[in-house]
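Participant: Just dropping this structure here.
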Amino acid sequence: MILYNVTTSLDPEIEEQWVSFMRDTHIPEVMATGFFIKSQLCRLLNEEDNGITYAAQYYCVSLDQLDEYQEVAAPALRAEVEKHFAGRYASFRTMLEVVE
């Protein structure tokens, strides 16, 4: 199992709008691609400098499946986030292997 984690630090002024967009639009669109079997949105509790940081987490069955998602679907989905929140957030992505 592969966990694809997208960590995003937000401008505090957009938090409510961004969370709504993620819950109502972006995460459902990511899941509709069929590449992932589970998702969750988490808020970091140990933030520094009064930052607001979230982690969107998506689970898929293989690294090949994640690679295909990144080639086929991710560019358009990322462009939509950028269209709505340009310059008001910073994201980085990590891929983890679940070893439990």
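Participant: If I ask for residues that are open to solvent by 70 Å² or more (accessible area, probe 1.4 Å) and closer than 20 Å to Leu10 by Cβ, which ones from the stretch 67-79 would you list?
Facilitator: Of everything in the stretch 67-79, just one residue is open to solvent by 70 Å² or more (accessible area, probe 1.4 Å) and closer than 20 Å to Leu10 by Cβ, namely Arg78.
Participant: If you don't mind, another one. Going residue by residue through the stretch 19-35, is there one that turns out to be open to solvent by less than 50 Å² (accessible area, probe 1.4 Å), over 15 Å from Val81 (Cβ atoms) and among the polar types (S, T, N, Q)?
Facilitator: Checked against the condition, which is being open to solvent by less than 50 Å² (accessible area, probe 1.4 Å), over 15 Å from Val81 (Cβ atoms) and among the polar types (S, T, N, Q), the stretch 19-35 yields no hits at all.
Participant: Give the residues of the stretch 80-100 that are part of a helix (DSSP H, G or I) and either touching a residue at least 60 places away in the same chain (Cβ under 8 Å) or surrounded by 10 or more Cβ atoms within 10 Å (Cβ to Cβ) (or both), sorted by residue number.
Facilitator: Hits for the stretch 80-100 are Glu80, Val81, Glu82, His84, Phe85.
Participant: Still on this model: Does the stretch 2-13 contain any residue that is assigned to a helix (DSSP H, G or I), open to solvent by less than 20 Å² (accessible area, probe 1.4 Å) and without any contact (Cβ under 8 Å) to a residue 60 or more places away in the chain? Walk me through it before giving the result.
Facilitator: Within the stretch 2-13, the first condition is being assigned to a helix (DSSP H, G or I), and the residues that meet it are 12-13.
When the remaining residues are screened for being open to solvent by less than 20 Å² (accessible area, probe 1.4 Å), the result is none.
So far as the stretch 2-13 goes, no, none of its residues is assigned to a helix (DSSP H, G or I), open to solvent by less than 20 Å² (accessible area, probe 1.4 Å) and without any contact (Cβ under 8 Å) to a residue 60 or more places away in the chain.
Participant: Does the stretch 68-84 include one or more residues that are touching a helix residue (DSSP H, G or I) at 6+ places or on another chain (Cβ under 8 Å) and polar (S, T, N, Q)?
Facilitator: No - not one qualifying residue is present in the stretch 68-84.
Participant: Looking only at the stretch 36-66, filter to residues that are surrounded by fewer than 14 Cβ atoms within 10 Å (Cβ to Cβ) and part of a helix (DSSP H, G or I); which one of those is nearest to the chain's Cα centre (by Cα)?
Facilitator: Within the stretch 36-66, the match that is nearest to the chain's Cα centre (by Cα) is Leu63.
Participant: I'd like to verify a number: residues in the stretch 52-91 that are over 17 Å from Asp24 (Cα atoms), in contact with a Leu (Cβ under 8 Å, 6 or more places away or on another chain) and not polar (S, T, N, Q), how many?
Facilitator: Summing the residues that are over 17 Å from Asp24 (Cα atoms), in contact with a Leu (Cβ under 8 Å, 6 or more places away or on another chain) and not polar (S, T, N, Q) in the stretch 52-91 gives 5.
Participant: If the Cβ limit is 8 Å and pairs must be 6+ apart or interchain, which residue in the stretch 57-73 that is within 20 Å of Gln40 (Cβ to Cβ) pairs with which residue that is open to solvent by less than 20 Å² (accessible area, probe 1.4 Å) and outside any strand (DSSP E or B)?
Facilitator: What qualifies is Tyr58/Val30; Tyr58/Phe36; Tyr59/Phe36; Cys60/Phe36; Cys60/Leu66; Cys60/Tyr69; Tyr69/Phe36; Ala73/Val30.
The values are calculated or read from the model by the stated rules, or taken from the named source; none is laboratory data. The structure presented is a predicted model; accordingly, all values stated were derived computationally and were not measured. Here the Cβ is made from the backbone with ideal geometry for all residues, glycine too, and neighbour counts use every protein chain on show. These accessible areas exclude ligands, DNA and RNA; they are computed on the full protein's heavy atoms, side chains included. Shrake-Rupley method; radii C 1.70, N 1.55, O 1.52, S 1.80 Å.
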